[in-house]
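Worksheet: one structure, shown below.
Values quoted throughout were computed directly from the atomic coordinates according to the rules given, and no laboratory measurement underlies them. Keep in mind it's a predicted model, so treat the numbers as computed, not measured. For neighbour counting, all protein chains shown are included, and Cβ atoms are generated from backbone atoms with ideal geometry for every residue, glycine included.
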């Protein structure tokens with residue numbers, strides 16, 4: 001009698017865990033092989049990494065980065081997680097994303113880079129300084 005192979009959890013389960021700020025559930029899902037890049041919100045095109053960056057959820061970002069989240073994936077308006085974090089002034093998240101290889105020069109559909117959004121919306125000199133230093 002053979003063992004049944006269990007399939008990995010559905011990617012939308014990871015997205016829902018991020019949206020509900022459930023660190024434990026996210027860690028369990030990725031531990032079971034859940035693909036954190038496999039789901040895009042039907043309205044925004046956001047992936048898990050965008051959802052965590054939009055809320056400045058550092059611990060979720062750590063789990064996602066350790067699970068090979070695509071830091072340069074773009075949503076429906078061309079924004080990456082770095083755009084999201086920069087626009088809200090989440091300096092620690094910006095730093096984590098940059099350390100993971102986030103591209104500072106990606107432009108959204110309006111031609112804005114993450115630094116442009118930080119200057120326009122975040123009112124956070126620390127984020128602007130971090131992005132300027134990163135290039």
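Looking at the square roots a ≥ b ≥ c of the eigenvalues of the Cα gyration tensor of the range 31-70, which shape do they give, rounded for a/c under 1.5, prolate if a/b is larger than b/c, or oblate?
Numbers: a/c = 2.47, a/b = 1.15, b/c = 2.16.
Since a/c reaches 1.5 but b/c is at least a/b, the shape of the range 31-70 is classed as oblate.
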Protection proxy ranking of 34-46, 84-96, 57-69 - average other beta-carbon atoms within 10 Å, highest first: 84-96, 57-69, 34-46
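Label the range 63-135 by shape, choosing from rounded, prolate and oblate, from the square roots a ≥ b ≥ c of the eigenvalues of the Cα gyration tensor; if a/c is under 1.5 it is rounded, and otherwise prolate applies when a/b is larger than b/c, oblate when it is not.
In terms of gyration-tensor shape, oblate.
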Residues listed by number, the range 70-93, amide nitrogen under 15 Å from residue 44 label point at 7 Å toward C-beta: 73-90
Overall dimensions of the chain by Cα: Rg and Dmax, Å: 15.5, 63
Expected 222 nm ellipticity per residue - DSSP helices of 4 or more, -39500 (n - 2.57), all of the chain, to 500: -13500 deg cm²/dmol
